[in-house]
Every structure is written in C-alpha cells, then in structure tokens.
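Okay, structure first, notes after.
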Protein chains: 2
Amino acid sequence: MKLFKNNLYKRENTIINDKSYNPEEFVEKINNLEYRYHIHHPFDKYLMDGKATKEIIQSWVCNRYYYQATIPQKDSAILSNCNNRDIRQKWILNILNHDNVDEGLDSWIDLGISMGLTREEILDFRHVLPGVKFACDAYYNFAKNSDYKIAIASCLTVNFASNIHKERINNWPKHYEWLDEKSYKYFRERISKAKHEKDVALAYVIEWFKTPEEQANVIDIIKFKQDILWSILDNLYLYHFSEIIFH
Amino acid sequence: MKLFKNNLYKRENTIINDKSYNPEEFVEKINNLEYRYHIHHPFDKYLMDGKATKEIIQSWVCNRYYYQATIPQKDSAILSNCNNRDIRQKWILNILNHDNVDEGLDSWIDLGISMGLTREEILDFRHVLPGVKFACDAYYNFAKNSDYKIAIASCLTVNFASNIHKERINNWPKHYEWLDEKSYKYFRERISKAKHEKDVALAYVIEWFKTPEEQANVIDIIKFKQDILWSILDNLYLYHFSEIIFH
C-alpha cells in the first residue's frame, strides 16, 4: 500500500516544455493525469470491490453530497467572474445540471434515500467530516478568487468522470444487492453530462492556454483539483480505518 | 485506537443553555474544549513519545510552517475587517509576534534548519500536503469572510497553546538528542506570547458574546478551529502511516 506516496503525494513539478504542445499533445498530457484520479484511491477501490458495509457507503454518500452541493456554487462563482456572455450562456448548463429538479443534487439525494438515509441528514451535513469541508471549500474559494479561465481549467477532472460512473454501474450491483436499480440514476445521468461538460471545458482550455508556461499551469491546476477529490477520500479512509493504526 | 471517532469526529451539537453563562462559567465551557485540542491527536502523541524519525519530524515542521505562515495573513484579514482603532492597536501585536525579525516565523524556520532542512525547502512549501493547505486556507478564508469579532473568537485555541509548547520543551529533549538547545526557541517564546494573546482574545469574547445563542456559537467556532489543527495532523498521520492499512 504505497499508493499514497507514489501517487498523489509525489510532489513532482510539472515540467514546462520547451515549445507549446499542439492541441492533440496537450489533450494527451491532460489525459495522462488519469493516474492521479481518485478512482485509484484505496477508499474508492474498497467501495468498487464490494468490501464496504452499508454504513460506510452511507457515510461516503453524505460526505460526497457536500462536494455535490459545492459544485453549482462553484459554477455560479465562475459565472459571476465571467464578463463574456457567450461563455456564460454555455457554462450555465453546469449549474442547471446539478440544480434542475429531479437531476443532479436530487438524484444524489435519491441515492442516499434509497440506501436508508433521511433527506434531512443528507441536507444538514451532520455526517460531513471537517477535512471534507476544507477540501470542497478550497475548490469553491479557488473558483471564486481566480480568473474564470483558470477556474474553468480546474473543472477538467470531469475528463475522467464518465469512467468512474461506468465502473460503479458495472461493479456495484454485483456486490451491493440491497441497492435497487433506481439508485444508479445519478451515475447514469452523469455519463453523458460529464462528456458534454468535458467537451466544452476542453475546447476552451485548448483555445485559451497556448504557451508552454500556460499549459504547464493548466496541468498544475488539474492536479490541484485532483488533490481535492483525493482528499475527500483520504478523510473517509482515515475516519473509517484509523483505528487499525497504532493498535 | 478509537480516539478519532470519540474525539474530534463525535458530531456532538453544542447545546444552547437556557440562560447566559456568567464570565467564569463561559471561560470554563471554553476550557472544557481542551479534550478536542490536537495535543490529543495520535500524531502529536507519537512525536511527544519520542517515536518519530528525524524524517517524520522534518515533515511535521514543513507542514506546520504552512500553518505558521497563514497566521499573520489571517490576523491581517481580521485587522482589515475591523473598524475599531483601539482593537486594531491591540490586535496588530498578533501579526508582529509572527512577522518580527528573529521571532515567530524566523524562530520556526530556525527550528527546521536546526534539524537539517534548508531554508528554501521550508519556504517554498514543497513538502506541504494538499490537505494541510486546505485546512489552513479554510482558517484564513473564515477570518477573511467573517465579522472580526467572530474571527477573533476562532483564535481561542490559543487558550490551549502554552501547554503543548511546555510539553514539547519537557519531553522532546529526552527523546530527540540530535535537536540542540536553540531549536526550542519558538516553543519557549510562544509560552508567554500565547498567554498574552489568550488574555486579550478572551476578554473581548467575554465582552462581546453574552446571549446563550452567541455563547454556543463561540463554542462551535472554537471547535471549527480545533478541527483545522486536528486535520493538519490527520494528513500527516495518513501520509506517514497509510501503508500499514490494507497491507
């Protein structure tokens, strides 16, 4: 279990290339960050391998809901910093995808309810760990305090999102039979939405960031966002498994 | 090792008393939060019990430096939100305590250098874990975005700081003989400064927060600040000991 040190916490500096990458090369560099995506976190593997108790999955759903709830506020901050109407017209879809009735946040809440949680205990964040709040709030504050182009670059972990949802849809039913079919609504709806959000954000990032310095900065920003997703699982992992350290 | 679940992560709600506490009772309620102070975190115990390698103490010093560096920016945010000159005249000492030459941050950097770190690797944050940044930044953002009275209440973990420094001065030399006498300068200087900072903050908090609701809110704010200190050690703990989980 050397994953932590070799993966996220390897403090590798992003190397500034001696010339600009063309769009294909730049996309390849972004895709190469997949190894740092939280699908490789031991807590996600633990969920994916069917080892989690109902209590642990419930905890994940409640903590992850804090992240979900941050997203439309983060995208609203991007909108509020953006002086370009064309971009706002496109980007507002990211807010609607989570705030529309019966989509996004509602689908996530339904997931929680389908596994025995009450709406109230999901919405009031009573189960959310402090470190999860710190991580999600860091994402929100980054978007609020950055140029909207930089903030849009930070959304590019969406590049890797479809896969994690597909894997859940493929693996979870084998292990968690007590989860009924409609529990998977959020994961299903996100596959196509994440694809669209990715296409929009990626086209902007390719257009806006051309120099080797800017492109290296985009890579660093995506790493920062990956750190946030990773940190959410770190906190869950420590909370649920810490007692086996120093036993 | 049930400390995590029983201590920080016990999501107990602060009970609003049916009448206001008098100053002595209110101070007692604040003092009663000592059980949540990070002196009880297993990572701090690990350092205190002399079990840490030089590499692990260096890592703690580098990560904790990020917190130290946040403090004068946090206090500057409080100053910038404060429209009362008398309070600013007193509170500016908190900035000076960390930014004055040969004090505060300089003493901490000297601690790092005395254990074999370079000034550069301390200052550039290369060893700082993402979750440590998220926690410290949460403290800074809280101070920046809150009424200055609320932000000053959040500083009251200083109430417990003298003790942790005294314990380090008493325990570390027994275990870490490679640390020379002058390494302890920061801990020594903080004992008296923390006492003064505590007296100032506590007097204000007693004066400003009188109703049962306000007093319960102060308790919650101090808990939030304790969560930040605790989370810093969570991240170090997970980084250095995670490999023994799921082995």
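Nothing in this text is a laboratory measurement; each read-out follows from the coordinates by a stated rule. Owing to the predicted nature of the structure, the values given are computational and were not obtained by experimental measurement. Neighbour counts run over all protein chains shown; Cβ positions are idealised from the backbone, glycine included.
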>> If a residue must be surrounded by 16 or more Cβ atoms within 10 Å (Cβ to Cβ) and touching a residue at least 60 places away in the same chain (Cβ under 8 Å), how many such residues does region B:188-204 contain?
In response: 6
>> I'd like the residue in region A:226-244 that is buried (at least 21 other Cβ atoms within 10 Å of the Cβ) and among the β-branched types (Val, Ile, Thr) and, out of all such residues, is farthest from the other protein chains (Cβ to nearest Cβ).
In response: A:ILE232
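Only one of B:ASN145, B:ASN141, B:ASN100 is over 19 Å from B:TYR65 (Cα atoms) and not hydroxyl-bearing (Ser, Thr, Tyr). Can you tell me which?
On the way: B:ASN141 fails: over 19 Å from B:TYR65 (Cα atoms); B:ASN100 fails: over 19 Å from B:TYR65 (Cα atoms).
Every option except B:ASN145 fails the conditions.
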> Which members of region A:190-225 meet the condition of being within 14 Å of another protein chain (Cβ to nearest Cβ) and in contact with a Ser or Thr (Cβ under 6 Å, 6 or more places away or on another chain)?
Replying inline: A:ASP220, A:ILE221, A:LYS225
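Can you find, within region B:143-167, the residue that is farthest from the other protein chains (Cβ to nearest Cβ) among those that are charged (D, E, K, R) and either surrounded by 22 or more Cβ atoms within 10 Å (Cβ to Cβ) or over 24 Å from B:HIS240 (Cα atoms) (or both)?
B:LYS166
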> For region A:101-114, how many residues are in contact with a helix residue (DSSP H, G or I) (Cβ under 8 Å, 6 or more places away or on another chain) and either surrounded by fewer than 18 Cβ atoms within 10 Å (Cβ to Cβ) or free of Cβ contacts under 8 Å to residues at least 24 places away in the same chain (or both)?
Replying inline: 4
> Can you tell me which residues in region A:10-55 are in a helix (DSSP H, G or I), buried (at least 17 other Cβ atoms within 10 Å of the Cβ) and among the hydrophobic types (A, V, I, L, M, F, W, C)?
Replying inline: A:PHE26, A:ILE30, A:LEU33, A:ILE39, A:PHE43, A:LEU47, A:MET48
> Any residue in region A:132-139 that is surrounded by 18 or more Cβ atoms within 10 Å (Cβ to Cβ), of a type outside the set (Asp, Glu), in contact with a Phe, Trp or Tyr (Cβ under 7 Å, 6 or more places away or on another chain) and not in a helix (DSSP H, G or I)?
Replying inline: no
> Among (1) in contact with a Leu (Cβ under 9 Å, 6 or more places away or on another chain); (2) farther than 20 Å from B:HIS175 by Cβ; (3) touching a residue at least 24 places away in the same chain (Cβ under 8 Å), which single condition is B:ILE95 missing?
Replying inline: (3)
> Hey, among the residues in region B:195-241 that are in contact with a Leu (Cβ under 8 Å, 6 or more places away or on another chain) and of a type in the set (Ser, Thr, Tyr), which one's farthest from B:ASN31 (Cα to Cα)?
Replying inline: B:TYR239
> Going by the conditions given, is B:THR211 in contact with a Lys or Arg (Cβ under 6 Å, 6 or more places away or on another chain) and either touching a residue at least 60 places away in the same chain (Cβ under 8 Å) or surrounded by fewer than 16 Cβ atoms within 10 Å (Cβ to Cβ) (or both)?
Replying inline: no
> Hey, among the residues in region A:122-142 that are at the interface with chain B (Cβ under 9 Å from one of its Cβ atoms) and among the charged types (D, E, K, R), which one's farthest from the chain's Cα centre (by Cα)?
Replying inline: A:ARG126
